[in-house]
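Q: Right, I'll just put the structure down here and ask away after.
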Amino acid sequence: MAYRWPAGTIFKRIDLDVEERSCPVCARDMHVCDHRYHHLWTLAGPTQVVNRLVRCPDPMCDSRGQTFSPEAELSISMSRWCMGWDVLCWLGHRRFARHWSVPQLRAELQDTYHIRLSDDAIASYLGRYQTMLAARQQDPERLADDYRDIASLVLTIDGLQPEKGHETLYVVRELMRKRVWFAEPLLSSATPEVRRVIALARQWAERLDKPVGVWMSDKQDAFVQAIGTEFPNTPHRYCQNHFLRDLAKPMLELDSQTKVKMRRKVRGLRTIERRVLEDRRHTAVLEPSPSPGPPQTDETPPIDIPEAAASEACARSDLGAGQTANALDTTAWAVTGAPDVKDEAGEVVLGYCAAVRGILNDDQGGPLHPPGVRMSEALQEVRESLDRNLDAQKGGVQRRC
Ligand SMILES: [Zn+2]
């Protein structure tokens with residue numbers, strides 16, 4: 001559908017002429033006989049391309065009736081498109097390399113370039129972008145050029161299901177050049193269907209005239225059989241990624257159970273923190289009296305809790321990732337809420353609590369660094385740190401934690 005320009009739009013005008021003004025048949029100078037106007041969006045704004053059309057002036061010339069238009073128009077846009085190549089590339093790159101959504105693209109075009117397009121228009125142009133990209137990717141000459149220096153091919157096949165209930169897309173990739181060769185939607189994963197895809201891959205390899213060194217896939221029966229039939233002499237290796245994933249599944253389940261156990265065991269952080277804060281409030285109420293007075297409790301005032309302990313507690317905070325820092329931040333707020341209270345020991349206790357909470361909330365890590373193992377190691381470090389402090393304080397203050 002033609003783009004409807006708002007009334008009063010001001011266009012930047014580009015005039016185009018044919019490169020070759022002489023008639024291709026009789027070599028006479030051709031005359032401008034008409035103009036074709038093309039209005040489109042470029043990143044520079046609304047643009048009017050004026051194509052000066054020419055034809056041979058000789059009524060007897062064989063080219064009679066033929067109109068020639070400027071070739072340069074195609075370097076700006078396709079005829080009748082409402083956007084230039086610059087906008088199309090901008091859209092395609094952000095959609096497919098950066099995964100922006102269509103509404104996001106529309107808003108950004110409007111905000112940054114004042115280009116107004118509907119979601120439908122953007123979706124339709126993205127379709128054209130994809131078609132062109134696929135044609136370019138599958139262009140046999142380009143492909144042959146890309147594979148000139150490759151001695152042998154490594155092919156993989158895998159099924160992707162974009163959404164539940166959708167047909168599965170079987171994707172054949174080549175790993176030496178890291179290229180998606182092609183993808184075929186199949187309604188079933190039966191061997192004959194899959195075999196057709198594998199046969200297509202064989203045709204591609206034959207066209208490139210390169211041997212297939214190895215095939216890689218998961219262990220689906222259809223893959224094993226089809227590859228065995230179409231590539232009888234090619235080794236077929238199972239994909240490491242699938243292997244690791246299958247292996248990781250029961251392992252991560254056990255890891256997660258361990259985490260639950262550890263969390264169940266390490267409890268009561270809140271109670272400890274509450275006690276520290278209550279003590280503080282209590283001290284803050286009693287302190288305003290100017291007389292030095294006796295200590296409030298029969299314990300030695302915990303002023304001289306060693307700096308080492310404080311720094312240990314802080315060091316713990318480096319353990320977990322972001323969560324620990326957040327936990328510490330929260331504590332810091334709570335502490336600064338009562339800035340006058342000098343309670344270094346309480347500070348240390350709160351520091352430990354924050355660190356432990358951070359450790360318990362840290363879910364980072366995959367099958368190679370299971371979160372439960374990280375948690376257990378970190379908790380062990382906290383325990384050792386506490387033991388070191390207690391050893392240093394032997395005979396001194398009994399701390400609650
Ligand atoms: Zn002519």
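The values are calculated or read from the model by the stated rules, or taken from the named source; none is laboratory data. Bear in mind the structure is a predicted one, so any value in this text is a computation, not a measurement. All Cβ positions, glycine included, derive from the backbone under ideal geometry; neighbour counts span all protein chains shown. Side chains are part of the model used for accessible areas, which takes the heavy atoms of the whole protein and leaves out ligands, DNA and RNA. Shrake-Rupley method; radii C 1.70, N 1.55, O 1.52, S 1.80 Å.
Q: By average Cβ neighbour count within 10 Å, what is the ranking of 209-221, 134-146 from highest down?
A: 209-221, 134-146
Q: Related question: Going from most exposed to least, what order do Cys26, Cys82 have by accessible area with a 1.4 Å probe?
A: The most accessible residue leads, giving Cys26, Cys82.
Q: Looking at the stretch 5-54, which trypsin sites (Lys or Arg not before Pro) are DSSP coil and have at most 16 other C-beta atoms within 10 Å of their C-beta?
A: Sites meeting the loop and neighbour criteria: Arg21, Arg28.
Q: Turning to a different aspect of this structure: Can you give me the orientation-averaged projected area of the convex hull built on the Cα atoms of the stretch 2-107, in nm²?
A: Average of the hull's projected areas for the stretch 2-107 equals 8.6 nm².
Q: What's the ranking of 352-363, 256-267 by average number of surrounding C-beta atoms within 10 Å, highest first? Kindly include the intermediate steps, with their values, before the conclusion.
A: On the way: 352-363: 22.2, 256-267: 12.6.
Ranked by mean Cβ neighbours within 10 Å, highest first: 352-363, 256-267.
Q: First select every other residue whose beta carbon is under 11 angstrom from the beta carbon of Arg173; then total the charges, Lys and Arg +1, Asp and Glu -1. Show your work: numbers first, answer last.
A: Values: positive: Arg177, Lys178, Arg179; negative: Asp158, Glu174.
Net local charge, Arg173 excluded: +1.
Q: Taking the Cα centre as origin and putting +1 on Lys and Arg beta-carbons and -1 on Asp and Glu beta-carbons, what dipole magnitude results for the stretch 1-69, to the nearest 20 debye?
A: My answer is approximately 320 debye.
Q: Using a ≥ b ≥ c from the Cα gyration tensor of the stretch 109-248 (square roots of the eigenvalues), is it rounded, prolate or oblate, where a/c under 1.5 gives rounded and otherwise the larger of a/b and b/c decides, a/b for prolate?
A: Prolate.
Q: Now a separate question. Under 14 Å from the Cβ of Ser189, count the other residues' Cβ atoms, weight Lys and Arg +1, Asp and Glu -1, and hand me the total.
A: Surrounding charge for Ser189 is -3.
Q: Also, quick follow-up: Take the solvent-accessible surface of the protein heavy atoms, probe 1.4 Å, and return the percent of it on the stretch 105-165 that carbon and sulfur atoms account for.
A: 45
Q: Hey, can you rank 236-245, 102-111 by average C-beta count inside 10 Å, highest first?
A: Highest-to-lowest ranking by the protection proxy: 102-111, 236-245.
Q: Next question. Step through the residues of the stretch 152-159 one at a time and calculate ³J(HN,Hα) from phi using the Karplus curve (6.51 cos²θ - 1.76 cosθ + 1.60, θ = phi - 60°), rounding each to whole Hz and writing x for Gly and Pro.
A: Along the stretch 152-159, the couplings run 8, 9, 10, 10, 10, 9, 8, x Hz.
Q: Taking the full set of protein chains and a 1.4 angstrom probe, give the accessible area of Glu20 in square angstrom, rounded to the nearest 10.
A: Counting only protein heavy atoms, the figure is 110 Å².
Q: For the stretch 179-224, count the residues as N, evaluate 2.2 N^0.38 Å, and divide the Cα radius of gyration by that value, please.
A: The reported ratio for this selection is 1.20.
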